[in-house]
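A short write-up of the structure that comes next.
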Amino acid sequence: MPIDLKALALPGIRQLQPYQPGKPVEELERELGIEGAIKLASNENPLGMSELAKQAIVQALAEGSRYPDGSGFYLKRRLVELLSINEDQLVLGNGSNDVLELLARTFLEPCHNAVVSQHAFVMYNLIVTAQGADVRTVPALNWGHDLNAMAAAVDKNTRLMFIANPNNPTGTWVSLADIETLLETLPVTVIVVLDEAYFEYVDLPEYGSALTLLSRYPNLVVTRTFSKAYGLASLRAGYSVSHPDIAGLLNRLRQPFNVNSLALVAAEAILDDSEYLANSIAVNQQGYEQLTTGFEKLGLEYIASAGNFIAVEVPNTLEVYQALLQKGVIVRPIGIYEMPNHLRISIGRPDENQRCLDALARILLANESSA
Ligand SMILES: *Cc1c(COP(=O)(O)O)cnc(C)c1O
């Protein structure tokens, strides 16, 4: 009898479904024997890395044989200043996903549950399930988080609630006032994780930073990342801001060198590159206009998004996805988010957006004439 190695794993780990990352450009080009493919599939910053960040990395390479500063002293000092918080509220992560996972590992046992929304960022499912805890998925309201229903789903075993604001892949958001109302109603034993990965892109009057609520709600954790508007996805850097007691727990559990030296210096540098951030936001706003105008012309319905991506409904979704690939345009099908009729398209540079729209137009026209 061959030994069943899988049976040795923890029950939560055995249940995990592998995460499907967006197809890399190089892989598609190899497969199809084409060149010049574009990737609008992983909500990456289309501007490339900031020159200031690159310079900081080149300088830091001189010390590349040494371990990173495990305390992240300089980056933390910069964040403290920028966010008007205290150092003991911060936890740095190898991407904000690292911090999200630390939260699950710190607070969840198999007897517990975490409340999430339908169509919410899939990572929450993965990290909660890995703990052997229950994921309580609450039906979405107009594609977005239904905070009242999420509050109603809380029971005595609920330890965590994840709210992506804006949410990936829907782009939906909740107002600061609604978050405050939610925090008022929840027991303090429920830790509310507000994932603000796309915070910098949002320009809406009702949207505000939940950092302002931290002093009043000790059960609130806000996470941010350098992967999106700051354009450092490859380096893996993110952080959480919370009550010092929660930060203390996460800091004990995290790997001592979880954020590498190049990520630390690049993150510090990008916080000083206000031009890069302003440009990211401007390109995103223009791209949103360009893509949504294009979708409307094509008669496609999309979900209004506050992030750097748009979920758009297309007929014959997977066929259109494949046809886009054939034309060298990589987007993301989101069936695993219970959105089998939508594609998530990350907002690119103007030329990339145009190429995506042109390809979509040709594919849809061909489909119509063959129908
Ligand atoms: C992209 C994304 C993150 C960021 O992940 P990193 O690990 O920081 O790269 C976090 N939450 C959501 C909802 C995201 O879409």
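Every number here is computed from the coordinates shown, using simple stated rules; none is lab data. From a predicted model like this one, the values you see are computed outputs, not experimental measurements. We place every Cβ from the backbone using ideal geometry, glycine too, and count neighbours over all the protein chains shown.
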Next item on the list: Please express the Cα-Cα pair-distance distribution P(r) of segment 1-55 as a list of whole percents, one per 10 Å bin, running from 0 to the bin with the greatest distance.
Entry: 17, 25, 22, 22, 13, 2
Margin query: Can you return the lysines within cross-link range of residue 76? Criterion is Cα-Cα under 22 Å, with same-chain partners fewer than 8 residues away left out.
Written below: 54, 228
Check: So what's the gap between the Cα centers of segment 162-205 and segment 308-369, to the nearest angstrom?
Finding: 28 Å
Item checked: Spread of Cα-to-Cα distances over 10 Å intervals beginning at zero, given as percent, for segment 266-345 -> 16, 40, 26, 15, 2
Check: Just the Cα atoms of segment 28-84: what Rg and Dmax do they give in Å?
Finding: 17.8, 51
Margin query: Under 15 Å between alpha carbons, and skipping anything fewer than 8 positions from residue 156 in its own chain: which aspartates and glutamates qualify?
Written below: 109, 134
Notebook entry, point to check: Of all DSSP beta bridges in the chain, what percent run antiparallel (nearest 5)?
Noted result: 50 percent
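Given a cut-off of under 8 Å on Cα pairs at least six residues apart, what relative contact order in percent is computed for segment 108-244?
Values: 259 pairs, mean separation 26.7, N = 137.
For segment 108-244, the relative contact order is 19 percent.
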Check: Among 290, 326, 17, whose mean-square fluctuation peaks in a Gaussian network model of the chain (Cα, cutoff 10 Å)?
Finding: 17
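Looking at segment 1-103, which GluC sites (Glu not before Pro) are in a loop (DSSP not H, G, I, E or B) and have at most 14 other Cβ atoms within 10 Å?
Those satisfying the criteria are 35.
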Next item on the list: Ratio to report: Rg/Rh of the chain, with Cα atoms as the point set and Rh obtained by the Kirkwood method; give two decimals.
Entry: 0.97
Notebook entry, point to check: What are the radius of gyration and Dmax of segment 59-129, computed over its Cα atoms and given in Å?
Noted result: 16.3, 48
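Would you mind classifying segment 86-185 by shape? Square roots of the alpha carbon gyration tensor eigenvalues, ordered a ≥ b ≥ c; an a/c under 1.5 is rounded, otherwise it is prolate if a/b is larger than b/c and oblate if not.
Working: a/c = 1.40, a/b = 1.18, b/c = 1.19.
Rounded.
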Check: Of 32, 10, 64, which is farthest on the positive side of the dipole of segment 1-78, counting Cα position, with +1 on Lys and Arg Cβ, -1 on Asp and Glu Cβ, and the Cα centre as origin?
Finding: 10
Next item on the list: Report the charge-dipole magnitude of segment 60-213 in Debye, nearest 20, computed about the Cα centre from +1 at each Lys and Arg Cβ and -1 at each Asp and Glu Cβ.
Entry: 360 debye
Check: Which cross-chain or sequence-distant (5 or more) residues have an amide H under 5 Å from the amide H of residue 302, H modelled 1.01 Å from N in plane?
Finding: 313
Check: Using Cα pairs under 8 angstrom and six or more residues apart, how large is the relative contact order of the chain, in percent?
Finding: 23 percent
Notebook entry, point to check: Along the positive direction of the dipole of segment 260-334 (beta-carbon charges: Lys, Arg +1; Asp, Glu -1; about the Cα centre), which of 320, 286, 334 reaches farthest?
Noted result: 320
Margin query: What's the longest uninterrupted piece of the chain once you rule out the chymotrypsin sites (Phe, Trp or Tyr not before Pro) that are loop residues per DSSP with at most 16 other Cβ within 10 Å?
Written below: 20-256
Note to self: Give me the dipole magnitude in Debye, nearest 20, for the chain about the Cα centre, with unit charges on the beta carbon: positive for Lys and Arg, negative for Asp and Glu.
What the structure shows: 820 debye
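Test of understanding: given the chain, find the longest segment containing no trypsin sites (Lys or Arg not before Pro) that are in a DSSP loop and have at most 12 other Cβ atoms within 10 Å.
Working: sites that count: 66, 156, 216.
Within the chain, the longest run free of exposed trypsin sites (Lys or Arg not before Pro) spans 217-371.
Which value, in debye to the nearest 20, gives the size of the charge dipole of segment 1-92 about its Cα centre, when Lys and Arg are +1 and Asp and Glu are -1 at the Cβ?
It works out to roughly 240 debye.
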Item checked: Within-12-Å neighbourhood charge of residue 228 [Cβ basis; K, R +1; D, E -1] -> -3
Next item on the list: Please give the net charge around residue 52, taking every other residue with its beta carbon less than 15 angstrom from that of residue 52, where Lys and Arg add +1 and Asp and Glu add -1.
Entry: -3
